[in-house]
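The values are calculated or read from the model by the stated rules, or taken from the named source; none is laboratory data. Nothing here was measured: the structure is a model prediction, and the numbers come from that model. Backbone-built Cβ (ideal geometry, glycine too); neighbour counts: all protein chains shown.
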Amino acid sequence: MAALNNQFWKFKRVALMSTKGGVGKTTDSLHICYQLKKKHGLTFQYVDADAQESGTNHCKGRANLVADCKGETESDRERPIPVEVKKLVNRLFKEQGPYVIPNVIKKSGFKAYFAEARNFYDGFVTDTQGADSKIGREVMISSDILIIPVNPSGMVVTELKKLIAVIMDARGLNPDLRVFVVFNRVVSSAKKIAREHIEFVNEMIDNYLQAEHNTNKEMENIHVCETVITERQEIYNNVDVGLNAFELSKGKSLDAEMQFDTLLDEIEYLYEMNNVSRGVA
């Protein structure tokens, strides 16, 4: 799916949210930033609103990655850099260091901050904590696009209904928010199951909206993406040291890069098609 408008993502405020932890929200946030840089040359700031701040740790680790792997420095890390990762880093960055996502830790004042920092970055990706919270709701009403990563399991899918209820509560303060549900951390062999969950979630959201709010997904700008993000443990397990999945899978697989590329295109397409249906220029 080709991108419709190279400037579509410019100045967008993107948020990732879930009422459950462990769904891959931080990993998705970081890789959306990396793909926006790679695909469109856009510098998005990673805004860390998550209490764990693991995305910030990734960025710090990346800033010192080359020097640490060469033995020139020894940064404080949660775990040592694996030997095979050191070898990969030395191969990838012989002449130039890695791109480091600009990042900031924020727990409040998002709308004002986005307005103040707009002249310094092309947009923002905010990573929220894995729970319904005051911080998450503030981010929601300050964003243009909300991405909800879910795993293909009955428990997580059920939790999704709770978040849709929160979104409907926030509609009065941010009626233009576009919502995209994305199945994430899907085992490659379970893609068929993920497709079944996509169908189920589409029906579940429509039934809930009709019963509780007399509306539907299309009217509320809520979409369930066809793109799924698969997970290979041997690749994503080393993202914490400072490499991204695109680099870790180099020479092995193009799945990670292709999936995030397709996801960005699908979100853009659905967003623009929704504008057309609403008669928005």
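Using beta carbons and a limit of 8 Å, which pairs, at least six apart or on different chains, have the first residue in the stretch 47-71 and part of a loop (DSSP other than H, G, I, E, B) and the second one charged (D, E, K, R) and crowded, with 17+ Cβ neighbours inside 10 Å?
Taking only residues 6 or more apart or on different chains, the pairs are Asp50/Lys25; Asp50/Asp127.
Contact list please: Cβ distance under 8 Å, first residue in the stretch 127-148 and free of Cβ contacts under 8 Å to residues at least 40 places away in the same chain, second residue β-branched (Val, Ile, Thr) and outside any strand (DSSP E or B), pairs at least six apart or on different chains.
Arg137/Val166
Would you please list the contacts, defined by Cβ atoms under 6 Å and residues six or more apart or on different chains, that run from a residue in the stretch 92-114 that is assigned to a loop (DSSP other than H, G, I, E, B) to a residue that is surrounded by 13 or more Cβ atoms within 10 Å (Cβ to Cβ) and polar (S, T, N, Q)?
Partner pairs satisfying both residue conditions: Pro102/Gln45.
Scan the stretch 152-171 and tell me whether some residue there is in contact with a Pro (Cβ under 7 Å, 6 or more places away or on another chain) and either in a helix (DSSP H, G or I) or within 20 Å of Glu218 (Cβ to Cβ) (or both).
So the first thing to find is which residues in the stretch 152-171 are in contact with a Pro (Cβ under 7 Å, 6 or more places away or on another chain), and the list is none.
The answer is no, given that none of the residues of the stretch 152-171 is in contact with a Pro (Cβ under 7 Å, 6 or more places away or on another chain) and either in a helix (DSSP H, G or I) or within 20 Å of Glu218 (Cβ to Cβ) (or both).
When the stretch 115-151 is examined, which residues are found to be acidic (Asp, Glu) and not in a strand (DSSP E or B)? Break it down stepwise before answering.
Going through the stretch 115-151, the residues acidic (Asp, Glu) turn out to be 116, 122, 127, 132, 138, 144.
Hits for the stretch 115-151 are Glu116, Asp122, Asp132, Glu138, Asp144.
Please specify each residue of the stretch 35-85 satisfying the condition of being under 23 Å from Asp261 (Cα atoms) and exposed (fewer than 15 other Cβ atoms within 10 Å of the Cβ).
Selection gives Gly41 alone.
Looking at the stretch 153-170, is at least one residue touching a helix residue (DSSP H, G or I) at 6+ places or on another chain (Cβ under 6 Å), modelled with pLDDT under 95 and either of a type in the set (Gly, Ala, Ser) or exposed (fewer than 15 other Cβ atoms within 10 Å of the Cβ) (or both)?
Within the stretch 153-170, one or more residues are touching a helix residue (DSSP H, G or I) at 6+ places or on another chain (Cβ under 6 Å), modelled with pLDDT under 95 and either of a type in the set (Gly, Ala, Ser) or exposed (fewer than 15 other Cβ atoms within 10 Å of the Cβ) (or both).
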